[in-house]
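These notes concern the structure reproduced below.
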Amino acid sequence: MEQHAVEQHGKAEPSGLDVVVTTMASDSHTWNLVFLQLLLEELGHRVTNLGACVPDELLVAECRRIEPDLIVLSSVNGHGFHDGLRVIAALRACPELGRTPTVIGGKLGIAGTGSPARQQELLTAGFDGVFEEGGSVLDFHSFLGSLAAGSRAMPAGPKALPAGPKALPAGSGALSAGSGALSAGPEALPAGSGVLL
C-alpha cells in the first residue's frame, strides 16, 4: 500500500494545469522552486521546473516548446521587479506566449514588500498576478483555481483574468513555506515563514 502511495505522488489528474516554474537570469535560488513544484503537484498540476539563473532566451524557448497553461516566475534575491519587467516583455512579444497566464512573486524588491505601485506596474507590463513575500498561499491557490476553471489561453492583460486575485494588497500574495504539510492542503501552510513564489 505504501509503495502505491509513493508511485502516485506528484501524478496530476488530467484536468490539472501544465505549469512552468522558474527563476530569472539573476536569481540562483532553488529551494523556492522545489517547494513550488511540490505544492503545485500536490494540487494536481504537472510541473516543469526550469531551475535557477534561467536566461531570458532559454525561458522563452522552453515555454514555446512546452506550451504551458501557466508560467510562474519566482524571485528570492530582491531583483524580481526589474528582472520581471524584462522577462514579461520578452514573453508577451512572442506570439505563442502572448496570452499565456504568467505570474511573478517572492521578494520583488530590496526596499520592502507590498508596494501597490510596484504591483500595478508589473500588472500593467503584462503579468496576470503578483504575489509578494509574506502573504498567504491561499491567494495563489485561489488564482490557480480560477485558471483551472477557465480556458487554457486567456486574452492578454490582467483585466482578462477570470474572477480571482490580480493585484493583491500588501502582504497578501506571496506563497510561504515552512510546515511541509502539503498533503493537508494549502490551508496548513503558515503565512510569513518564508518566501516561496
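The values are calculated or read from the model by the stated rules, or taken from the named source; none is laboratory data. Note that the coordinates shown come from a computational prediction; the quantities given were computed from them, not determined experimentally. Heads up, the Cβs are rebuilt from the backbone with ideal geometry, glycines too, and the neighbour counts pull from every protein chain shown. In case anyone asks, the SASA skips ligands and DNA or RNA and just uses the protein heavy atoms, side chains included. Shrake-Rupley method; radii C 1.70, N 1.55, O 1.52, S 1.80 Å.
Key figures
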| quantity | calculated |
| --- | --- |
| Meets criteria (charged (D, E, K, R), under 15 Å from the mean Cα position of the chain (by Cα) and open to solvent by 10 Å² or more (accessible area, probe 1.4 Å)) for Asp128 | no |
| Hits in the range 109-124 - residues which are buried (at least 17 other Cβ atoms within 10 Å of the Cβ), at pLDDT 95 or above and closer than 16 Å to His79 by Cα | Leu122 |
| Criterion: under 25 Å from Thr124 (Cβ atoms), open to solvent by 40 Å² or more (accessible area, probe 1.4 Å), at pLDDT 95 or above and of a type in the set (A, V, I, L, M) - qualifying residue of Leu58, Leu85, Leu70 | Leu85 |
| Residue under evaluation Val103, criteria (1) among the β-branched types (Val, Ile, Thr); (2) more than 19 Å from Val130 (Cα to Cα); (3) open to solvent by less than 40 Å² (accessible area, probe 1.4 Å), criterion not met | (2) |
| Matching helices (runs of 4 or more DSSP H) fully within the range 31-93 where at least 3 residues are among the aliphatic types (A, V, I, L, M) and closer than 23 Å to Glu133 by Cβ | 31-42, 80-93 |
| When residues of the range 103-149 are limited to those that are outside any helix (DSSP H, G or I) and among the charged types (D, E, K, R), the one nearest to Asp69 (Cα to Cα) | Asp128 |
